[in-house]
Each structure stands twice: as structure tokens, then as C-alpha cells.
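What follows is a single structure, written as C-alpha cells, with notes after it.
The values are calculated or read from the model by the stated rules, or taken from the named source; none is laboratory data. Because the structure is a prediction, the values reported are computed rather than measured. Neighbour counts run over all protein chains shown; Cβ positions are idealised from the backbone, glycine included. What goes into the accessible areas is simple: the full protein's heavy atoms, side chains included, and nothing from ligands, DNA or RNA. Shrake-Rupley method; radii C 1.70, N 1.55, O 1.52, S 1.80 Å.
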Amino acid sequence: MVIDNNNVIFGMFNDIENSTVKFLGKGNILFIESGVRLLNSNLTFKGNNSLVYLSSNNNSYVIKISINSDCTVFIGKDNYFNEGTLIVSSESRNVFIGDNCLFSLGTVIRNADAHLIYDMTSGERVNFTKSIYVGDHVWIGQNALLLKGVIVGSGSIIGAASVISNKVVNSNSIFAGVPAREIRKNIFWSGECVHSWTKEMTNKFSSRDRFFYYERDEDTLSIEQFEDGLNSLINASERLDYVLDKFKGKKNRMFT
């Protein structure tokens, strides 16, 4: 469906409640897979030639996305969003999120500092915007802040109120703190919620066979090569074709 100024929506929302989609620029694409529901959400295309891709989801999207010119925001399937999740993509860079992730209250993902910082001696800028990649089955804790250059490998956890920038988080590890650092490796996590558990439930799940662990194989992406290819493209249509061809992958695509 063409809106105006060559902005295009592919697909239809399954449901939309207390939510808005705004196109303030031109040549943008919103791609919606089947089964997408928006709840208390705002998607705003502030610039031109950008792509937002929303994959099918068993849960409602509860999210705010602000995307500027020549950017891509891709969200994989069956993620769980609590209130307050915010994604801001700027300066021709991107945000990619895999499948089956859990975003706690107040998660913020933004790939730009917004304002410019220069080295006093050389006069050169030192804070260029960088893309953010979050793998499959990642748990982002409450009020965590993911900043430019972060790559979170599949199966990992970012602790509550953590601030992380310009770091690679190894798959199946926990990073936490300000600034975030690795506090444990070789873990896997499960999405059951313990708030209402009895002692019997706690005992039942005190141990289990490992699952949701990741390793490098022939399906593992080179994020650097993928990013270079994506940033070489001219318009949102080319970005859509590239994402469909290169990113829709198998279990270990985001191993780090």
C-alpha cells in the first residue's frame, strides 16, 4: 500500500490499539509480516529511504521506534516487549534484533550520541554513529541502555540498569554494570517467570538439560560484512531485498 511521497506499507497489522505510524519523509518502507499487533506503540519515520521490518509475533509489539534517513530497523519473530522499549536509529546506521528476545521495562536502544564530539588536538570527530545488533534469545534487563557499536551474541543477558557501548557481548554470557562488563560466561536462560512460584515450582526447575546455547557454524553471519553490504545500498527497497536474502537465517546466525 502506497501512502504518499513514495512511502510504502507491505502487509497489514493484525490489530492496532492506541498506536500510530507516521511518515514525515519520503521513500520509506514499513514491512509487516502476518500476525503483527501494535499496542501502545509509535513508529515514526523522520527521514527518507529507511526500512522498518516487523516479523510475526505471538505477543503484541509494545514499542516506540524513531528512524531517521537511510537506516534499517529489523525486529525478528516472537520477541516480548514490556512498556517503555525505545529504539532510535540515526545517521544512516541500523538496529537489528533477532528472534525470541525478552525486553524488560524501560529498555532503550540508540545508535547515536545525537551531538558531536571532537578531539581537541586533531579537530577530528570521535563519536561517529554505529549500528547495534542483538542476537536471538537475548534477555535485556529493566532500564538497560544499549548504545552505539554494541553487538550482543545470541543466548546472552544484559543486566538491569546496565549501560553498554562499543562492546561485543559473547554468546551465552551475562554482561552487567555501568559500564557493563562480563560477569559470567557459559550460561543459558529460560523465559518462565518466577514471581508467583511456590517452593515446589522452584525445586522442579532447580536444574535442567541445557538448551538455547549457540555455537559457530556455516550459518554464522559476519556482522561486519553484512553491515558493509547493507550500508552500500541506496534505497529502502534494496535494503528490504538484502535483509530478506542475507539475514533471515538459522539458529547460529548471531553467534559471537
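Here are the numbers:
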quantity	calculated
Any hit, the range 184-202, residues being open to solvent by 100 Å² or more (accessible area, probe 1.4 Å), free of Cβ contacts under 8 Å to residues at least 24 places away in the same chain, in a loop (DSSP other than H, G, I, E, B) and closer than 20 Å to Y80 by Cβ	yes
Close pairs (6 angstrom Cβ cut-off, 6 or more residues apart or separate chains): closer than 17 Å to E33 by Cα in the range 71-92, open to solvent by 30 Å² or more (accessible area, probe 1.4 Å) and assigned to a strand (DSSP E or B) anywhere	Y80/L102
Subset of the range 53-79 (residues that are in contact with a helix residue (DSSP H, G or I) (Cβ under 9 Å, 6 or more places away or on another chain) and either part of a strand (DSSP E or B) or of a type in the set (K, R) (or both))	Y53, T72, F74
Residue that is most open to solvent (accessible area, probe 1.4 Å) [pool: residues in the range 28-38 that are in a strand (DSSP E or B) and in contact (Cβ under 8 Å) with a residue 24 or more places away in the chain]	R37
Among (1) open to solvent by 40 Å² or more (accessible area, probe 1.4 Å); (2) under 21 Å from V73 (Cα atoms), the one test that V138 misses	(1)
The range 213-234 residues that are more than 21 Å from S89 (Cα to Cα), paired with ones that are aromatic (F, W, Y) and assigned to a loop (DSSP other than H, G, I, E, B) (beta carbon under 8 Å, 6 or more apart)	Y213/F188; Y214/F255; E215/F255; R216/F255; D217/F255; T220/F255; L221/F247
Checklist (1) closer than 30 Å to A112 by Cβ; (2) basic (K, R); (3) part of a loop (DSSP other than H, G, I, E, B) applied to R210, failing item	(1)
